[in-house]
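Participant: Before anything else, here's the structure in question.
We did not get these values from a lab; they are worked out from the coordinates using the rules stated. The shown structure was predicted, so the numbers you read here are calculated from the model rather than taken from an experiment. All Cβ positions, even for glycine, are placed from backbone atoms using ideal geometry, and neighbour counts span all protein chains on display.
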Amino acid sequence: MPQPTSRALDLDQALEQYDSKFRFVLLASNRAEQLVRGARPKVEGSKKHTRTAMEELKSGLVPWAYGPAPAATPAEGVEGAAAEGTAST
């Protein structure tokens, strides 16, 4: 069985900070786009924006949050029953 590279191990450790690989990739792509548009990198090293964004995320230098929870919507069954009750009287 082939031994994983150190880069793969670093990525596995970085993914522990995030709820999914998808979230990590989404955040890295958003940060890479910021770098392309002229944002200053928070780490030195790679000239590639995607690699720089991933390194920043692995180092915990890019703050992120889930955002506000969506507003609760009323149940459809309750509205339908109320509408039917007023229509029949």
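Participant: How many nm separate the modelled label positions at R40 and Y66, each set 7 Å beyond the Cα in the direction of the Cβ?
Facilitator: 3.3
Participant: Region 1-66: Rg/Rh from Cα coordinates, Kirkwood Rh?
Facilitator: Numbers: Rg = 12.3 Å, Rh = 12.4 Å.
Radius of gyration over Kirkwood radius for region 1-66 works out to 0.99.
Participant: Next question. Could you line up L15, L57 from fewest to most neighbouring Cβ atoms inside 10 Å?
Facilitator: Ranked by crowding around the Cβ, least crowded first: L15, L57.
Participant: Going by how many other beta carbons lie within 10 Å of each one, how would you line up D19, D10, fewest first? Show your work: numbers first, answer last.
Facilitator: Values: D19 9, D10 13.
In increasing order of surrounding Cβ atoms, one gets D19, D10.
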